Amino acid sequence: MLCVYVSPCSWASSPPVSRDLKDGQQIMEALNIDGNTQDLLTYLKSIDHHVCLVSIDFAGITTRSQDIVNLVEVNPSLKMIAIETFALCNEVFIFDTAKLITNNDLLHKFENRNYSIQRSK
């Protein structure tokens with residue numbers, strides 16, 4: 001099953017738990033998606049099967065490695081994170097979350113990303 005969640009009303013430097021707390025319903029209704037970051041977090045907590053979270057660029061999830069560690073620790077269903085960087089360097093990075101949160105070299109890839117990739121409109 002593929003679910004699509006977007007974060008239309010937040011900064012990449014915001015921890016996922018604090019994203020999309022303001023009403024962005026008008027934006028959400030214009031998109032064919034399953035929800036925002038808060039909906040994603042609720043979904044992750046409610047399931048008992050393994051999930052791979054896919055993001056466009058590292059900043060699409062966060063710009064702080066501690067946010068990744070927190071996200072994985074509170075969501076045991078989150079087993080893989082895939083980062084698509086085709087617009088920048090034509091690569092996909094796939095991380096096993098158990099290895100990711102214990103490897104500072106891997107976590108560093110999420111650090112200090114100033115912006116998300118801007119896609120065409």
Practice task
State the number of residues belonging to the range 30-59 that are open to solvent by 30 Å² or more (accessible area, probe 1.4 Å) and at positive phi.
Solution key: 0
Completion exercise
Note: among L107, L53, L41, just one is at pLDDT below 95 and assigned to a strand (DSSP E or B), namely L53
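How many of the residues in the range 60-92 are out of contact with any Cys (no Cβ under 9 Å at 6 or more places or on another chain), assigned to a strand (DSSP E or B) and surrounded by 15 or more Cβ atoms within 10 Å (Cβ to Cβ)? Spell out the reasoning first.
From the range 60-92, those out of contact with any Cys (no Cβ under 9 Å at 6 or more places or on another chain) are 60-77, 83-92; that's our starting set.
From what is left, the residues that are assigned to a strand (DSSP E or B) are 83-84, 92.
Applying the additional criterion that residues be surrounded by 15 or more Cβ atoms within 10 Å (Cβ to Cβ) yields 83-84.
Residues that pass the stated criteria total 2.
The values are calculated or read from the model by the stated rules, or taken from the named source; none is laboratory data. Quantities reported herein were computed from a predicted structural model and do not represent experimental measurements. Backbone-built Cβ (ideal geometry, glycine too); neighbour counts: all protein chains shown. Just the protein is used for accessible areas: all its heavy atoms, side chains included, with ligands, DNA and RNA removed. Shrake-Rupley method; radii C 1.70, N 1.55, O 1.52, S 1.80 Å.
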